[in-house]
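Structure record follows, encoded as structure tokens.
The values are calculated or read from the model by the stated rules, or taken from the named source; none is laboratory data. These numbers were taken from a predicted model, which means no experiment stands behind them. So basically every Cβ, Gly included, is an ideal-geometry build from the backbone, and we count neighbours across all protein chains shown.
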Amino acid sequence: PTATVRSQIGSFNSRLVGFQYDTGVMQNYGDASGFIDYNHYQTDGALTNNNERRGNVFAKFIKPLSEDTAITVVAMQNNTYQNASPGATAQQISQYGSHYGLNQNPLSDAYVGYNNDNFTSNFDYIGLQTRFGDWKIDNKVYTTSYAHNAMNGFNPNGTGQQTLQAAGYGLTMAGGGTAQGSNIAGVTGLTAYQSYGDILRATRALGNDDLNFGLWVERQLHQSWTNNVDLSTGGIGSIINTPGLSNGGNQAETSSMNTIQPYVEYVWRPTSKWSITPGLKLNDFNRTYNSAFDTTVGGAFAYSHTWAALLPSLDVHYYVTDNWSAYGQAAEGFVAPLLFGSFYNPNQPIQPNASAGLAYLAPEKTMNYQLGTVFKSSKLTASADVYYITNNNQSQQSQIGNLITIQNIGAVHYQGVEGEATYNLGSGFNAYGNYSLNSYTSAVPIQNAPQSTAALGMLYEHNKTNASLIAKEIGSRWGGQDINGNYVHFGSYTTVNFAAGYNFGSLGWAKDAKLEFQLDDMFNRTDMVAFAGNTQGGNALFWTLPGRMFSLNLSAGF
């Protein structure tokens, strides 16, 4: 049995405390074992007024039932509260600095008190693993949940104060009364999901070969709503008269999705050098949607639709020598349309109860190819691959204020080459590097997709000391459109990161005591590096590098 405590401090007033207890193997309880881990983290954030608090608890328990069978129980709970900026315009970054996020002005819809998110989620499962004869069975029954309570300004970091009148809101308040023009326009909302499912994996040994098959089934329930509100009253009193509203309007919806995915694959080993695995999976989604009211489409409507596809795959490995292999892979992929991009009416805006006239967007279907090789010796570990991917119906998200829209950009082709290597220089030193060259063919730029990535550095580990110094480069890439309709281009950038650690071992009062230090972005780069969306007026919003930052971590077991 071991109890471990940890504490961490870092830049932007970041701090973490954590505790873990491991039971060890409890021979008096049938060799059961388990652990529970808790962490609490909080920070002021790299961006101004972007505070965050996060808590996590995770527990795992394993109980052998026999020599061949064990049961596992896992439970995890997460809670996060944050004040999150949507990004900043180039003018704001120039005027206030690269760390600008939210402000302290209650007359602005970028006020920190008007922009907050509260997330809760959990993940739990009971798993059974067993072996009998030539069979291996692994089954997990699970549940997950996610809830997001949000309050946001109508147009944070947009141009000027967004009053109810300026945002295009009518002035009638829920419960009566008239809003004044100085009141602040905003949105409150809830999105919640609950899933229940089962994952079965089975393997049957057939001489040198294996037959693998399984099944994933899941039922997901969803509900969400948004209300236009007066933020200066604390979000109390929804705006019910919203003529010509462009930010999403009042909305309430529920949906459910049933997923069934059986698969089968056969691992054929004709000789000791070959491993050939053909496979087939059925991917079947059924979604039912019901909107109680939605001012964005004119009223209530409902639909139900099923998407399905058979997805073949092939994996071939050839072992050139004991320490050198080559492989080839091909597989089809399939993704059903996003919930809010699943339907449209090609002839007219959606009217109340007009679901019969909906045309359903086609799902994204991909074909993926990869060829690669892996080599390992006492001095050198290296791998390289080339890939080619086609997506016949790619969707791309964009965000204007609080409204997320889906753009269907049609067929996209991706191709690239990747490689990495580590070479042992001796005396605890290893040289490390990786590189990828990526490109695509598309009608419009793919947002935030770099044309290349690279890393180069040195690793050290000897006795109780470890350290690394690595430079990482992200290549040039495109963002979304600016106010003039032009796509924004970003140049490449490089950051250099240093990390070091020392294991004190036993200190008498503690065992396995460790001290770790990390310094990221040593040369304090604060460039604009990613596209974050647009304001309601169309101005581009950006993310910046946070600049030089450090963390110091101490942990010890008892």
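At-a-glance table
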| item | result |
| --- | --- |
| Single condition PHE498 does not satisfy, out of (1) under 20 Å from ALA471 (Cβ atoms); (2) in contact (Cβ under 8 Å) with a residue 40 or more places away in the chain; (3) aromatic (Phe, Trp, Tyr) | (2) |
| Inter-residue pairs, beta-carbon under 8 Å, first within 18 Å of VAL264 (Cα to Cα) and in segment 213-224, second of a type in the set (Gly, Ala, Ser), 6+ apart | PHE213/ALA202; GLY214/ALA202; TRP216/GLY197; VAL217/GLY197 |
| Selection status of ASP521, over 30 Å from PRO1 (Cα atoms), among the acidic types (Asp, Glu) and touching a Pro at 6+ places or on another chain (Cβ under 9 Å) | yes |
| Residue within segment 470-480 that is more than 26 Å from GLN447 (Cβ to Cβ), out of contact with any strand residue (DSSP E or B) (no Cβ under 6 Å at 6 or more places or on another chain) and surrounded by fewer than 15 Cβ atoms within 10 Å (Cβ to Cβ) present | no |
| Elements of type strands (runs of 3 or more DSSP E) in segment 4-115, at least 1 residues being without any contact (Cβ under 8 Å) to a residue 24 or more places away in the chain and among the hydroxyl-bearing types (Ser, Thr, Tyr) | 14-22, 33-43 |
| Per-region count, segment 58-84, residues over 20 Å from ASP117 (Cβ atoms) and either out of contact with any helix residue (DSSP H, G or I) (no Cβ under 9 Å at 6 or more places or on another chain) or among the acidic types (Asp, Glu) (or both) | 17 |
| Of residues in segment 504-550 being under 23 Å from the mean Cα position of the chain (by Cα) and among the polar types (S, T, N, Q), the one farthest from ASN155 (Cα to Cα) | THR544 |
| Number of positions in segment 489-509 that are surrounded by 16 or more Cβ atoms within 10 Å (Cβ to Cβ) and farther than 30 Å from GLY433 by Cα | 0 |
| Members of segment 463-480 that are touching a residue at least 24 places away in the same chain (Cβ under 8 Å), closer than 26 Å to SER436 by Cα and part of a strand (DSSP E or B) | ALA467, SER468, LEU469, ILE470, ALA471, LYS472, ILE474, ARG477, TRP478, GLY479, GLY480 |
| Test: residue in segment 252-265 that is of a type in the set (Phe, Trp, Tyr), assigned to a strand (DSSP E or B) and either modelled with pLDDT under 95 or farther than 27 Å from LEU215 by Cβ (or both) | no |
| Subset of segment 434-461 (residues that are more than 13 Å from GLN415 (Cα to Cα) and modelled with pLDDT of 95 or more) | ASN434, TYR435, THR453, ALA454, ALA455, LEU456, GLY457, MET458, LEU459, TYR460, GLU461 |
| Close pairs from segment 185-204: first under 19 Å from THR254 (Cα atoms) and modelled with pLDDT under 95, partner among the small types (Gly, Ala, Ser) and not in a strand (DSSP E or B), Cβ under 6 Å, at least 6 apart | THR188/GLY235 |
| Subset of segment 501-558 (residues that are among the hydroxyl-bearing types (Ser, Thr, Tyr), assigned to a loop (DSSP other than H, G, I, E, B) and farther than 20 Å from THR465 by Cβ) | THR526, THR535 |
| Selection count where residues are over 17 Å from PHE558 (Cα atoms) and either hydrophobic (A, V, I, L, M, F, W, C) or touching a His at 6+ places or on another chain (Cβ under 8 Å) (or both), scope segment 4-26 | 4 |
| Failed criterion for ASN39 (all others in (1) within 25 Å of TYR114 (Cα to Cα); (2) touching a Gly at 6+ places or on another chain (Cβ under 7 Å) hold) | (1) |
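Okay, residues lined up against (1) under 30 Å from ASN534 (Cβ atoms); (2) crowded, with 16+ Cβ neighbours inside 10 Å:
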| residue | (1), (2) |
| --- | --- |
| PHE19 | no, no |
| ASP37 | no, yes |
| ASN49 | yes, yes |
| SER66 | no, no |
| THR72 | no, yes |
| TYR81 | yes, yes |
| ALA90 | yes, no |
